Protein chains: 2
Amino acid sequence: MCVCVCVCVCVCVCVVRPPAGQEAYIKKTFTRMLPVIKDYSLSPRTSRIWGGGQWNSFHPTVKQCRNGWTTSVLSKLLFALPNSPLQYPIQGYTVQPLSSFVIPGLQLHAGKRSSYKVVLKVSKGILTTDIPPAEVTVKGFREKEMIIKSRSLELLNDVLVKVSYTSTVYHINTGDLVTFQFENHEAVFPIAIKQPHIPVLYDMGTDISSQVTIATKTFLRYEQLKVLLDSIRKFYSNIKVIVADDSFEPEHITGENIQHYIMPPAQGWFAGRNLAVSQVTTKYFLWVDDDFLFTEKTKIEKLVEVMEAVPELDVVGGSVKENQFYFSLIYEEGEETEGGCLYRKSNKKFHSVPGYPQCFLASGVVNFFLARTDAVQRVGFDPKLQRIAHSEFFMDGLGYLLVATCGDVSIGHQHVARSARYSKFRNPRKDDSEFKLQLHFFKNHLKCIKYG
Amino acid sequence: MCVCVCVCVCVCVCVVRPPAGQEAYIKKTFTRMLPVIKDYSLSPRTSRIWGGGQWNSFHPTVKQCRNGWTTSVLSKLLFALPNSPLQYPIQGYTVQPLSSFVIPGLQLHAGKRSSYKVVLKVSKGILTTDIPPAEVTVKGFREKEMIIKSRSLELLNDVLVKVSYTSTVYHINTGDLVTFQFENHEAVFPIAIKQPHIPVLYDMGTDISSQVTIATKTFLRYEQLKVLLDSIRKFYSNIKVIVADDSFEPEHITGENIQHYIMPPAQGWFAGRNLAVSQVTTKYFLWVDDDFLFTEKTKIEKLVEVMEAVPELDVVGGSVKENQFYFSLIYEEGEETEGGCLYRKSNKKFHSVPGYPQCFLASGVVNFFLARTDAVQRVGFDPKLQRIAHSEFFMDGLGYLLVATCGDVSIGHQHVARSARYSKFRNPRKDDSEFKLQLHFFKNHLKCIKYG
């Protein structure tokens, strides 16, 4: 889906992250030249944004966008029409870019005629077939339109069954439509044009430390971090721990299998999370906050078991000191110019995970979770979110991450008073909260958000 | 596509990165319990691996895998059969998980009968329709199989056109097949079940520094890095530069808009690249090596122009001191147990980019390129590649990144003798090269690689 952001009759900017999972992804960009409107009103609870800060202004009278958007031919609604003598593939025919593949199953099953003529047309490639017998004429070898004629239906079908499509435009993920016509019957069917991916395998090894890396971010809390690290070592003596650190005066962190990364001071929460995850080499990583505490109930193996048994899962959350927080997200796409609506419903989950009645599907979980490394790396933690954020990761992950929450694995939480210096950054100021909302509305092209 | 890695009759491990772009992704994992075979022979040029190091051993007599693999219903080859009275959608019908949507275009166009009966069947959801008139009987409300009967074809079609599919299993990207049957005619068509994604927009601003971040990795080359940074500032006074640094004795890097990240010493090349890219907040980033040198020909705007004009592009490379290196990759999937073959062809490109005759499509380019941040973050630089790597990024990106090379933008290259200490890490030792190949064979499930 491509969205354009428009204000008045200005030319606008939108870059849409390609929706993985659709047959082809579309991006459209526009140049933005907008005045910045400073006045805005928004309420974090049920918010509509009328104007805002540095990203954009949304004027309620916006109606037009100078540029349109494009949709993939592989999303186009197509039908098989009834009582047609044509036989053709409707799904599963894929060719590699700049390659030729026979179109499977092309046939004509017409009643008796003195002669038969079929026409095939394509747009992003050309058609070929074998040299036909004398009784069949083929016009349009290696062209976009091929006409096959014969007095013999059988011989015409022998030629049809060998028709090949050759993709002539290099593209890694696109499609074409074939028009197949006989008399007043016409069928349109899709061809997917895709560059195959190379598989990526992980070595699971035999030990939890080959399968899971612990990742965390720390800021001005070395005491708590050391308590966390000691508690990890009590139960997992050699599991690797990655620490992203944007403290003002970084301290040296000692210990085997601890990778410590020093960031620009106060660079930010999600920048640190994205950094830590970028360094993981194991199949899974376990996210923990720097003030958590491993206990006997922090059994990483149980989370791995669920993930291994249910390969579609990407994130499995647990409980933080018996607080099994989770939420669901409802997203309504809305009109292209206006944007969509997003609802977060706390403590709302979907059904249970097959075979694991203690685990339920949801849209987001607490900050203690096991995740499939490559899946989370593909979504990422937006480094623009510096001070406060949580649900935003799961919102960016909507439709990309399958998330579950399991009630039987928990981690402790250190209760230590926050230093004044830390609190200054941790407790959101009014402009932090507003920045976050403005970013959210612009970045995710929303007209409304409701946090419930 | 799901691949399983097997050795002898052991139970094996494979985790396949979901191929984005296919209608549904499948993962299958296996537990590995393998002895490690130390003997191996491989030649970097044309390599077959018979056994290897720490990742796995590939025994030439491997034939079986204990577990199978699954394919998505949305990849299944389906056909529209000829002379059928059934009308149905063949592409474009998508429902959201746990939601109901009317199946478009369902109709029966049969000849005169005393009565008509159609049967619809699904697997991952249920079927409903409106309360029918008295002349139509509907059996199977909210069930997987629905039977609709009537003496009136018109009334039966009125009911058919309101049949809805309700997805009953929460899944973000999957599909179902509908069987639609009348007398001896049967059609099978797909339903895509997808959680829509929330769009992600970038603010392009009005200045190159709002659009592009420069990213680099440095190791033991502070002199060269400073020369690079000075040369950047000569032409781009406030563009942000991200530096990932795994030097042994990190030095402080001064300067506005320079973000310096300190890594564990010698943590590695691709770990550093992945780190740097994880911190980018602009729509594009420009990758440069720490010994490059900006010149008057280093016009980032020209690369941005191409990317903006051709939204499908993800990476656009230039030249490094007139060396416009590029290559194409040919990948043959091979058998599931044996793996595929990968050929890298240097100086091989595809056709030109429409509208930009100086730019050509390829599979990989030199280490000076502008990239779409989200696209590259989705592929990533594998942090296991510590010492030497280049093509591996583009191999991981095959089918995910559309890559081009343009001859009209170049960057300089500082020619400074390498220190002995640096060379010790930079010049690959035999075990570095072998490690890289072993990783490559295992990770990408290959049986052969050819570097040309």
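All of the numbers you see were taken from the coordinates with simple rules; none came from a lab. Only a predicted model underlies this, so the values are computations on that prediction, with no experimental measurement involved. For neighbour counting, all protein chains shown are included, and Cβ atoms are generated from backbone atoms with ideal geometry for every residue, glycine included.
A compact table of results
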{"quantity": "Segment B:208-451: proportion of alpha-carbon pairs further apart than 33 angstrom, %", "calculated": "16"}
{"quantity": "FRET efficiency for B:Ile258 and A:Asn238, using Cβ-Cβ distance with R0 set to 22 Å, rounded to 0.05", "calculated": "0.05"}
{"quantity": "Loop-resident sites, segment A:211-276, for chymotrypsin sites (Phe, Trp or Tyr not before Pro), counting at most 16 other Cβ within 10 Å (DSSP)", "calculated": "A:Phe248"}
{"quantity": "Pseudo-label separations to other copies for A:Val416 - Cα-to-Cβ vector, 7 Å, nm", "calculated": "4.1"}
{"quantity": "For A:His171, residues with placed amide H under 5 Å, excluding near neighbours", "calculated": "A:Leu98"}
{"quantity": "Contact order normalised by residue count of segment A:208-451, Cα under 8 Å, 6+ apart, percent", "calculated": "24"}
{"quantity": "Local electrostatic count at A:Val353 - Lys and Arg +1, Asp and Glu -1, tallied over other residues with Cβ under 14 Å", "calculated": "-3"}
{"quantity": "Under-5 Å amide H pairs with B:Phe292, H placed in peptide plane, nonlocal only", "calculated": "B:Gln414"}
{"quantity": "Rounded FRET efficiency, nearest 0.05, which uses the C-beta distance separating A:Val102 from B:Lys117 and R0 of 35 Å", "calculated": "0.40"}
{"quantity": "Label-point separation in nm, B:Val161 to B:Thr206, each point 7 Å along Cα→Cβ", "calculated": "5.4"}
{"quantity": "D (Stokes-Einstein, µm²/s), Kirkwood Cα radius, segment B:75-194, 0.890 mPa s at 25 °C", "calculated": "170"}
{"quantity": "Added length on full extension, which subtracts the Cα-Cα distance from 0.36 nm per residue, B:Val416 to B:Tyr451", "calculated": "9.8 nm"}
{"quantity": "Distant-in-sequence amide H partners of B:Ser363 (H built 1.01 Å from N, under 5 Å)", "calculated": "B:Phe327, B:Ser328, B:Leu329"}
{"quantity": "Using θ = phi - 60° and Karplus 6.51 cos²θ - 1.76 cosθ + 1.60, couplings along segment B:438-452 (whole Hz; Gly, Pro as x)", "calculated": "4, 4, 4, 4, 6, 4, 9, 6, 10, 9, 8, 9, 10, 9, x"}
{"quantity": "Proximal charge balance of A:Val320 [Cβ under 12 Å; K/R count +1, D/E count -1]", "calculated": "-1"}
{"quantity": "Phi to ³J(HN,Hα) by Karplus 6.51 cos²θ - 1.76 cosθ + 1.60 over segment B:340-352, Hz, x for Gly, Pro", "calculated": "x, 10, 10, 10, 9, 10, 5, 6, 10, 10, 9, 8, 6"}
{"quantity": "Rough spin-label spacing in nm, given labels placed 7 Å along Cα→Cβ, for A:Ile147 and A:Ile131", "calculated": "2.3"}
{"quantity": "GluC sites (Glu not before Pro) restricted to DSSP loop in segment A:253-344 with at most 10 other C-beta within 10 Å", "calculated": "A:Glu256, A:Glu296, A:Glu322"}
{"quantity": "Under Karplus coefficients 6.51, -1.76 and 1.60, residue-wise ³J(HN,Hα) of segment A:258-268 in Hz, glycine/proline x", "calculated": "10, 9, 10, 10, 9, 10, x, x, 6, 4, x"}
